[in-house]
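Presented below is the structure to which this report refers.
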Amino acid sequence: MAAKSGVKIVLTASATEMSDFLNNPFVAFAGGFAKGPIPLWFLRRALYPPAGQNNGSGRARAAPYGLRKVESLLLENGFDESEVAVVHPSNLDSFVGPDTKVVGISSMDPTGMAYVSKTYSSIVGGGEPLNAIEFKNLIRHRSIRKYKPKVIVGGFGSWQLERKKVAESYGVDCVVIGEGETVVNEVFRKAVNGEPVPRIVRATGFANHDRVPLIKHTAIHGCVEISRGCGRNCQFCTPTMQKRRDVPLDKILKEVEVNTREGGSRITLVTEDLFLYGMKDTRFVPNREAIVRLVKSVAAVSGVKGVQPSHSSLAPVVADPGMVKDIAEILIAHNWYYHGSKPIVTSEIGLETGSVRLMRKYMAGKMLPFKPEQWQEVVTQAFGIMNDVDWYPLVTLIIGLPEEREDDVVETLELMDELHDFNAFYVPLFFVPLENCLLMNNQGTELDTLTKARWELFTRCWEYNVRIWGDTFLEHRIPSPLLFKFVKHVAIPFGGKVASVYYGMKHGEEMEKAIWRMAMA
Ligand code: SF4
């Protein structure tokens, strides 16, 4: 525990972001859902408990990767471990005191404006998303209010505070937007010295990896960054505005070792696209040798039992199917996920739309080295190649891209027909004009703009999910075969009927039909 006077710099994040969601990175999406009638204390225990404490010290055993980078930057630039503490919000009382000068907070989604929050909190209803509720609870924590340290907020979602104009009312002194590594030291030093800090700092430069120190302690989900930026130039996307950089393999392996040294055994490779690693080709043809070497080397580190790429893309799968086979062999031997009892590989992949017109208009680089006209063919071929090696992608689709027409959605529905027999998990999302992307000044999609075709797409995605994953979900939670049958054939249809009537009254007939179809899938 810290001295009663507090630690000079305390780094933290909201309760949803300081959790590993019971060791399941994809369940972390649930932070974007509204809590409904479920009490917060229950969700904190059952859905997003703290990712662990260090030997009774009160410091967080695992923390978001970005917060770990800030910690390292401070420790390499004049502060020592006694002056910087990374803690879960439930431990703030023990670390924030009269000597605390700064509380640094990292956030991916402080006001619930991220894709998942925006979509599912409006559809499911029940109020604000958990991410927004927990961020508010953190920012209004009694120790922060009592001792009034300077509050600095950064992270991928920090722009939301400015967009919603709530930074001041939340008591945030400084919002850092952009790649924080380039500005963190200066901002924190000023705050510690009691000098004024700008209310908003836009980091316009790009942090070079030789100037970014390695993390010193475990990151949640064993995150290790392997590359940053993309370069395919999709207009709705923020990472593509960043310069594309690979982290050298020796640095990656050192961070893997940091994670395993502190008890982690699963590694998440953080990237916009695994298949971009080591890529030099202007047409985006992947560098098989570099990618296989990377995955093999990470898997070979002593103590590593699981390896999970965060994101990948479809076109390189078709450009080099042999590469996918080579990587899948290693990843299957280090799997996190199962379909039934079969180990599988997964990664998040943006399908976005089946409309060739919209692909050409907003993301003509996404399918390189192929052409926009080939998009549907690229998607179906890539699904086939991946499924053949037990790679079941988590697929995101965007509903309501600017100027989306009914025939664009129909094209996506036709593509969904083609994908009927493949295994994947689909996450349809409303378009959100993220900060610093080319479409940032456009209107986001709202629930009341869902046309018949958009509802159909939304429903179809979840119908597929229930059909493909329903049994796996139940089997992993209900060991008794009799109970399994009861839940599947009685409880779910009954619950589905009740939910469809309830949500039908709330959102109309389309919603009622959607829920009923999912329950019966
Ligand atoms: S491929 Fe993905 S990461 Fe790259 S620009 Fe497009 S959406 Fe962004």
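For region 382-395, the criterion of a residue being within 16 Å of the ligand (Cβ to nearest atom) and part of a helix (DSSP H, G or I) is satisfied by at least one position. Scanning region 162-199 for residues being out of contact with any Lys or Arg (no Cβ under 6 Å at 6 or more places or on another chain), outside any helix (DSSP H, G or I) and of a type in the set (Gly, Ala, Ser) gives a total of 4.
In this structure, does SER312 turn out to be surrounded by 20 or more Cβ atoms within 10 Å (Cβ to Cβ) and at pLDDT 95 or above? So SER312 fits the description; yes. Taking region 43-77 as the range and being more than 21 Å from LEU214 (Cα to Cα) and over 17 Å from the mean Cα position of the chain (by Cα) as the test, the residues that pass are LEU43, ARG44, ARG45, ALA46, PRO49, PRO50, GLY52, GLN53, ASN55, GLY56, SER57, GLY58.
For region 477-491, the criterion of being over 30 Å from VAL389 (Cα atoms) and among the small types (Gly, Ala, Ser) is satisfied by at least one residue. For region 26-50, the set of residues classified as in a loop (DSSP other than H, G, I, E, B), touching a Phe, Trp or Tyr at 6+ places or on another chain (Cβ under 9 Å) and either among the basic types (Lys, Arg) or crowded, with 19+ Cβ neighbours inside 10 Å (or both) consists of PHE33, LEU47, TYR48, listed by residue number.
Filtered by the rule that a residue be over 23 Å from PHE473 (Cα atoms) and of a type outside the set (A, V, I, L, M), region 489-502 gives a lone residue, TYR502. For region 256-265, taking the residues that are crowded, with 18+ Cβ neighbours inside 10 Å and of a type in the set (S, T, N, Q), the one that is nearest to the ligand (Cβ to nearest atom) is identified as ASN259. Consider region 291-309 and keep the residues that are among the polar types (S, T, N, Q) and surrounded by fewer than 19 Cβ atoms within 10 Å (Cβ to Cβ). The one that is nearest to MET367 (Cα to Cα) is SER297. The lone criterion from (1) at pLDDT 95 or above; (2) within 16 Å of the ligand (Cβ to nearest atom); (3) within 30 Å of GLY444 (Cβ to Cβ) left unmet by ARG245 is number (1).
Is there any pair linking a residue in region 400-420 that is part of a helix (DSSP H, G or I) to one that is basic (Lys, Arg), with Cβ under 7 Å and at least six apart or on different chains, and which? If the second residue must be basic (Lys, Arg), the pairs left are ASP408/ARG357; VAL409/ARG454; LEU413/ARG460; MET416/ARG460. The one condition from (1) small (Gly, Ala, Ser); (2) surrounded by fewer than 20 Cβ atoms within 10 Å (Cβ to Cβ); (3) in contact with a Leu (Cβ under 6 Å, 6 or more places away or on another chain) that GLY171 does not meet is (3). Part of a loop (DSSP other than H, G, I, E, B), more than 13 Å from the ligand (Cβ to nearest atom) and farther than 30 Å from TRP159 by Cα: does that describe ASN423? Taking the combined requirement at face value, the residue satisfies it. The single condition from (1) in contact with a helix residue (DSSP H, G or I) (Cβ under 7 Å, 6 or more places away or on another chain); (2) within 26 Å of THR412 (Cβ to Cβ) that LYS296 fails is (2). Candidates in region 225-243 are the residues that are crowded, with 20+ Cβ neighbours inside 10 Å and of a type in the set (S, T, N, Q); of these, the one that is farthest from PHE370 (Cα to Cα) is SER227. Taking the residues in region 148-168 that are among the basic types (Lys, Arg) and at positive phi as candidates, determine which candidate is surrounded by the fewest Cβ atoms within 10 Å (Cβ to Cβ). Applying the filter and picking the extreme gives LYS165. When GLY104, GLY58, GLY97, GLY78 are screened for being farther than 30 Å from TYR502 by Cβ and in contact with a Leu (Cβ under 7 Å, 6 or more places away or on another chain), only GLY104 passes. Hey, does region 226-242 have a residue that's more than 16 Å from the ligand (Cβ to nearest atom) and either touching a Lys or Arg at 6+ places or on another chain (Cβ under 8 Å) or of a type in the set (A, V, I, L, M) (or both)? Checked region 226-242: no residue is more than 16 Å from the ligand (Cβ to nearest atom) and either touching a Lys or Arg at 6+ places or on another chain (Cβ under 8 Å) or of a type in the set (A, V, I, L, M) (or both). Just one of the listed residues (GLU373, GLU377) is farther than 20 Å from PHE275 by Cα, away from the ligand (no atom under 13 Å from the Cβ) and without any contact (Cβ under 8 Å) to a residue 40 or more places away in the chain, namely GLU373.
When each of THR396, THR412 is tested for being polar (S, T, N, Q), within 19 Å of GLY350 (Cβ to Cβ) and crowded, with 21+ Cβ neighbours inside 10 Å, the lone residue that passes is THR412. Within region 238-260, residues that are within 30 Å of LEU438 (Cα to Cα) and in a helix (DSSP H, G or I) sit with their Cβ atoms under 7 Å from residues that are within 16 Å of the ligand (Cβ to nearest atom) and of a type in the set (D, E, K, R), at 6+ positions apart or across chains, in these pairs: PRO239/GLU272; THR240/ARG232. The residue list LEU130, LEU40 contains one member that is more than 20 Å from VAL176 (Cβ to Cβ), modelled with pLDDT of 90 or more and within 19 Å of the chain's Cα centre (by Cα), which is LEU130.
To keep it simple, each residue is scored yes or no on (1) under 20 Å from ALA299 (Cα atoms); (2) crowded, with 23+ Cβ neighbours inside 10 Å.
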{"site": "CYS223", "(1), (2)": "yes, yes"}
{"site": "ARG245", "(1), (2)": "no, no"}
{"site": "PRO248", "(1), (2)": "yes, no"}
{"site": "LYS254", "(1), (2)": "yes, no"}
{"site": "ILE267", "(1), (2)": "yes, yes"}
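For region 117-150, filtering for residues that are under 19 Å from LYS8 (Cα atoms) and hydrophobic (A, V, I, L, M, F, W, C) leaves 3. Scoring VAL124 on the criteria (1) crowded, with 21+ Cβ neighbours inside 10 Å; (2) among the aliphatic types (A, V, I, L, M); (3) more than 17 Å from GLU435 (Cβ to Cβ) leaves a single failure, condition (1).
The values are calculated or read from the model by the stated rules, or taken from the named source; none is laboratory data. Keep in mind it's a predicted model, so treat the numbers as computed, not measured. Cβ coordinates were reconstructed from backbone atoms using ideal geometry, including for glycine residues, and neighbour counts include every protein chain displayed.
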